[in-house]
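What follows is a short report on a single structure.
The values are calculated or read from the model by the stated rules, or taken from the named source; none is laboratory data. Keep in mind that what you see is a predicted model, and the values were worked out from it rather than measured. In this analysis, Cβ positions are derived from the backbone assuming ideal geometry, glycine residues included, and neighbour counts consider all displayed protein chains. What goes into the accessible areas is simple: the full protein's heavy atoms, side chains included, and nothing from ligands, DNA or RNA. Shrake-Rupley method; radii C 1.70, N 1.55, O 1.52, S 1.80 Å.
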Amino acid sequence: MTLSNEGKKMILALQFVSGYGGEFRSWRLPGASADAYTNMDYQVSIAKKAEEGKFHMIFSADTPALTNDLSNQSPMHQMDPLVSFAAFARETNNIGLVSTVSTTHSYPYNTARTMKTLDVMSGGRIGWNAVSSSMGGVAENFGTRMLPRETRYDMAYEAIEAVQTLWGSFGEGAMVLNKKTGEYADMSKVSYANYNGEYFKTKGPLPIPASPQGQPPIFQAGGGEKGIEMAGKYASGVYANPYTIADAKMHRSALHESAERHGRSGEDIKMLAGFMFTIGDTEEEALERRRQIMDYAPEMETAQRVQYLGMMVNLRISINDININQPLPQELVRQTSPNMMDPRAERVMELIQKGLSVKDILAHGVINYHPVVAGTAVQVADFLEKWFTSGATDGFSIVPDSLHDGVEKFVEQVIPILQERGLFHKDYEGPTLRENMGVPYQYGVR
Ligand SMILES: Cc1cc2nc3c(=O)[nH]c(=O)nc-3n(C[C@H](O)[C@H](O)[C@H](O)COP(=O)(O)O)c2cc1C
């Protein structure tokens, strides 16, 4: 399959994380807001900055559980992204707002109601990242146990169908609001959902009218086989985590094929690859900031990272045997080879060959969840251009190390470069998320 972005512009999402950024110790950086998690004025100011840069959307991942140790790290998610979005919706005009809601642990009626209310409130800018919640600790919060993947995906299909049926139950044009005749709504356009699945049943109707985009588009996250199949059927957007251009192309091709199996066009699904960055006036400045963030971590964690780094290049090393401020000794370098199981290993090999210190190799973000560029705005733009023009992805879900200045730097330094190179739009295409993403209008079940 040939994947091309000829004549297209990239789509950009800002991953909001918890309000602090992708590095969970960035809250300690000078200038960062230590209370970003609970400070809505601050969070709204970040959303507005992203809109100034013409970001297509803000994306909030979510897991309804405490998923990390907060003794010295910030949380991984917002307090409740949907509630925050009510504030963002009121304070912004064009930017899309995509939130994660579990298909396993939420009643479809609740999901349908909250998301459609937000979609109407925001003038058609909401999206639903429908995930089946595979993380441990979540199920217990809902009084159940983690279900097998097969069951979770069966439930996800039902949840999406039930929600979309509820959305479509209050037909387009049903709101009449005619003071003269006294007709409030045309009830011939309102129908029961009568959704009767194995896991979810809901009668409806849901008394909320269509938004300007009809209803929120569906997003899917992750690259598992079942996720890709589900995306082919329902998704307009996919948050992916490829580490190389080759991985990204494979994922994007699989999504196109899945869409076609479900009678849709591959172009109807926009893949957004995760990407993390730290911007400095020079590469050294960016690296220094990442070294500083690393220094906030307890020593035990650095020791674990060094050990992990070794495993990526088939080397057994311990922090006690090496000086992390020095390059690896030559006798160890000679023993390295890329661990074929890890797509990030080649990058580690490259940095070892360059003679970087172990600490600097780590500072380059080689063991982060997404590819990392620590460098200048031009280096960040070059990375995005290379992936985009090679047809690897429709766009990116970008994760700044720290939101407090990362969004501003991206908006003021990277976006103008992307625009000059003809890679990113100069203004919003329209007022709705669907228009800005270039995906078709939909109302009810397709
Ligand atoms: C970029 C990205 C974002 C994700 N966001 C979430 C999320 O917000 N909440 C969640 O429970 N899972 C999230 N996931 C995990 C996936 O939904 C999925 O559960 C995971 O890839 C495991 O797949 P499985 O459910 O098929 O086992 C995300 C995955 C990726 C790659």
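Would you confirm whether any residue within the stretch 178-190 is surrounded by fewer than 18 Cβ atoms within 10 Å (Cβ to Cβ), under 30 Å from Thr92 (Cβ atoms), in contact with a strand residue (DSSP E or B) (Cβ under 9 Å, 6 or more places away or on another chain) and among the small types (Gly, Ala, Ser)? Looking through the stretch 178-190, at least one residue is surrounded by fewer than 18 Cβ atoms within 10 Å (Cβ to Cβ), under 30 Å from Thr92 (Cβ atoms), in contact with a strand residue (DSSP E or B) (Cβ under 9 Å, 6 or more places away or on another chain) and among the small types (Gly, Ala, Ser). For the stretch 373-405, a residue qualifies if it is open to solvent by less than 10 Å² (accessible area, probe 1.4 Å), hydrophobic (A, V, I, L, M, F, W, C) and within 16 Å of the ligand (Cβ to nearest atom), and the qualifying residues are Ala392, Phe396, Ile398, Val399. Scanning the stretch 217-240 for residues that are at pLDDT 95 or above, open to solvent by 10 Å² or more (accessible area, probe 1.4 Å), farther than 18 Å from Asn436 by Cα and within 7 Å of the ligand (Cβ to nearest atom) yields Ala221, Lys226. Restricting the first member to the stretch 1-30 and to residues that are free of Cβ contacts under 8 Å to residues at least 40 places away in the same chain, and the second to residues that are open to solvent by 20 Å² or more (accessible area, probe 1.4 Å) and part of a strand (DSSP E or B), no beta-carbon pair is closer than 6 Å while six or more apart or on different chains.
Restricting to the stretch 241-251, and then to whatever is closer than 17 Å to Ile398 by Cβ and touching a strand residue (DSSP E or B) at 6+ places or on another chain (Cβ under 7 Å), can you tell me which residue is nearest to the ligand (Cβ to nearest atom)? Per the criteria, the residue is Asn241. Of the helices (runs of 4 or more DSSP H) lying entirely inside the stretch 274-389, those containing at least 2 residues that are under 24 Å from Phe16 (Cβ atoms) and within 24 Å of the chain's Cα centre (by Cα) are 283-295, 377-389. Quick one: would you say Ala50 is assigned to a loop (DSSP other than H, G, I, E, B) and buried (at least 19 other Cβ atoms within 10 Å of the Cβ)? So Ala50 fails the test.
From the list Ala86, Ala36, Ala13, Ala65, exactly one residue is within 14 Å of the ligand (Cβ to nearest atom) and more than 16 Å from Asn129 (Cβ to Cβ). Which is it?
None of the other options fit; the residue is Ala65.
Scanning the stretch 424-444 finds no residues that are buried (at least 21 other Cβ atoms within 10 Å of the Cβ), out of contact with any Pro (no Cβ under 7 Å at 6 or more places or on another chain) and at positive phi. Any residue that is modelled with pLDDT of 95 or more, closer than 30 Å to Lys201 by Cβ and open to solvent by 10 Å² or more (accessible area, probe 1.4 Å) - is there at least one of those in the stretch 26-43? No - not one qualifying residue is present in the stretch 26-43.
From the residues in the stretch 116-128 that are buried (at least 24 other Cβ atoms within 10 Å of the Cβ) and either of a type in the set (Val, Ile, Thr) or within 16 Å of the ligand (Cβ to nearest atom) (or both), which one is farthest from Gly232 (Cα to Cα)? Selected residue: Ile126. The set of residues in the stretch 290-337 being crowded, with 17+ Cβ neighbours inside 10 Å, of a type in the set (Gly, Ala, Ser) and over 22 Å from Val372 (Cα atoms) is empty.
How about the stretch 84-97: which of its residues are outside any strand (DSSP E or B) and under 18 Å from the mean Cα position of the chain (by Cα)? The answer is Ser84, Phe85, Phe88, Ile95. Does Arg152 count as within 16 Å of the ligand (Cβ to nearest atom), at pLDDT 95 or above and among the basic types (Lys, Arg)? When the stated conditions are applied, Arg152 passes them. Of the numbered criteria (1) within 16 Å of the ligand (Cβ to nearest atom); (2) touching a Gly at 6+ places or on another chain (Cβ under 8 Å), the one Val101 fails is (2).
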